[in-house]
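Before any comments, here is the structure.
The values are calculated or read from the model by the stated rules, or taken from the named source; none is laboratory data. Remember, it's a predicted structure, so these values are computed and weren't measured experimentally. Here Cβ is always computed from backbone atoms with ideal geometry, including for glycine, and neighbour counts include all displayed protein chains.
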Amino acid sequence: MKHELVIVLDFGGQYNQLIARRVRENSVYCEIKSYKTPIEEIRALSPKGIIFTGGPNSVYDPASPHISKEIFELGVPILGICYGCQLMAYTLGGAASACEKSEYGKIDVTIDNRESLLFRDIPQHSIVWMSHTDYVSRLPEGFEASAHSADCPTAAFENAEKKLYSVQFHPEVTHSEYGKEILRNFLYNVCECSGDWVMDDFIESTVARLREQIGDRKVVLGLSGGVDSSVAAGLLSRAVGSQLTCVFVDQGLMRKDEGDFVEKTFTKLFDMKFVRVNCQKQFLEKLKGVTDPEEKRKIIGREFYKVFWDKVREEADGGFFAQGTIYPDRIESGKGNEAGKGSTATIKTHHNMVEKPADIKFDGTIEPLGDLFKDEVRAVGERLGIPRELVWRQPFPGPGLGVRIIGEITEDKIKVLQEADAVFRDEIRKSGIESELRQFFAVLPDVKTVGVMGDHRTYDHLIAIRAVTTDDFMTADWARIPYDVLARISNRITNEVEHVNRVVYDITSKPPGTVEWE
Ligand code: XMP
């Protein structure tokens, strides 16, 4: 089934994915495209509407992203946001200038055009999120201002006849009180979308498409137990059942009982061939005596893919290779900053990239979630009946507990950390604050400290606990867990976990710390 499409044209702003998610939340399918996309390509996609994103530049900077005037002649409704709003004015013959007073943060805005389709049913006064140092100082011919703020006479403007609308503020962020409604008005009142993007239809049409594509051939999927590969497995199982083989590599560095839980879920609830490879011993062998964090990451990554591809080689029988790639993994950014590429220092080597060895042949690769955002993946997972523990699982690093055991990794240390982590998670769950935390886990530093138990001196492990709140993991704040919850966690870990005599709470934000300790 072909869905109505809205294009989010990316000019390098920081909220671009958020705009796309907001559009999808309104049941309208959209895709992010670079501002460099040729006009013919855009025309061929027959979009119902186009949204210009914000961007970090000034429209007068020759190096900043520009767009050909032709886009305004497609007859497709356009909404310009922030930089996109200035670009619309500038390209159509208006002008932008530096603000006398920049607006940043929550700003009062007044709607002047009560007839505007964009502002239908929106109160005349509301709060919006602004972040700009330039503003539109002269409107192009045929346009009129439709909203203002104290310092910006053109907080919104439009040419209703041509269906061109612009807002200087960011309707996509939740700080804009009626932002969601304004976007909805654009999609439904201006673009006249019908709202045909719903997850039940997605499942039905994807299952039908997968069945047709796969026919009676086989599919092999790498299942990690993370959200994306679990949901991909659920969808593929619904489509082709036992033609699907899931390869699950348990390197022995998962959380307590996690491997068993994944196995139970997929063997009991879904029709598929489930292949689990237990290889903790092999990993520990390779990691013996290794203490350097980067070295550990590299060994774990290398071994993981070796074991994984060896098993896939055994299971592959022509057919398809499937992976849980999701939409944000595929988006090309419109930031015109190619020069900066590759110049950021390696903080940590992530090893999530799957490179298939050349000798394993498949008829093709399938990415059933390739068009979905994470929240949509979760919605699909819930509808498929995948347990909440998997659908709402926190991010878990590829190297697993390997980067949470500081120094050399041993079997004993893995057990200590798994037990302590399980107690921590249990207490957070019971305390009712789980949904406020984006990630929380225990760490086993390479430290022993003196303690006292009864009349005896002890010299044993220290456990650190880490809990963070964050929007995007680029920055994070340590979570203010209530003292009484911390007290219970500490009490239980020192009482229940053998060889732990001390618990500390990590109160470092990111930066300067990272979320993980290694
Ligand atoms: P850091 O420690 O870099 O973590 O602040 C940010 C987020 O990334 C996760 N993380 C990883 N995820 N493979 C992954 O898939 C990795 O190697 C890896 N290292 C860190 C971390 O758990 C946090 O959510």
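Evaluate the following for I481: is it farther than 18 Å from R438 by Cβ, among the β-branched types (V, I, T) and at pLDDT 95 or above? Considered against the rule, which asks whether it is farther than 18 Å from R438 by Cβ, among the β-branched types (V, I, T) and at pLDDT 95 or above, I481 comes out as no.
Here is a yes/no grid of residues against (1) at pLDDT below 95; (2) among the basic types (K, R); (3) loosely packed, with under 12 Cβ neighbours inside 10 Å:
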residue	(1), (2), (3)
F266	no, no, no
K273	no, yes, no
E332	yes, no, yes
G336	yes, no, no
G342	yes, no, yes
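Only one of the listed residues (A20, A44) is farther than 18 Å from H132 by Cβ, of a type in the set (A, V, I, L, M, F, W, C) and surrounded by fewer than 19 Cβ atoms within 10 Å (Cβ to Cβ). That residue is A44.
Of the strands (runs of 3 or more DSSP E) that lie entirely inside segment 394-490, those containing 3 or more residues that are farther than 19 Å from S509 by Cβ and away from the ligand (no atom under 16 Å from the Cβ) span 448-453, 456-469. Within the bounds of segment 95-113, is there any residue that is closer than 19 Å to I50 by Cβ, in the same structural domain as E181 (by TED's automatic domain parsing) and not basic (K, R)? Within segment 95-113 (the criterion being closer than 19 Å to I50 by Cβ, in the same structural domain as E181 (by TED's automatic domain parsing) and not basic (K, R)), the answer is no, since none of the residues qualifies. Scanning segment 243-271 for residues that are in a loop (DSSP other than H, G, I, E, B) and on the phi < 0 side of the Ramachandran plot returns Q251, L253, M254, R255, K256, F270, D271.
In the set (1) in contact with a helix residue (DSSP H, G or I) (Cβ under 9 Å, 6 or more places away or on another chain); (2) surrounded by fewer than 20 Cβ atoms within 10 Å (Cβ to Cβ), S166 fails one condition alone, (2).
Among the residues in segment 311-330, are any β-branched (V, I, T) and modelled with pLDDT under 90? There is no residue in segment 311-330 that is β-branched (V, I, T) and modelled with pLDDT under 90.
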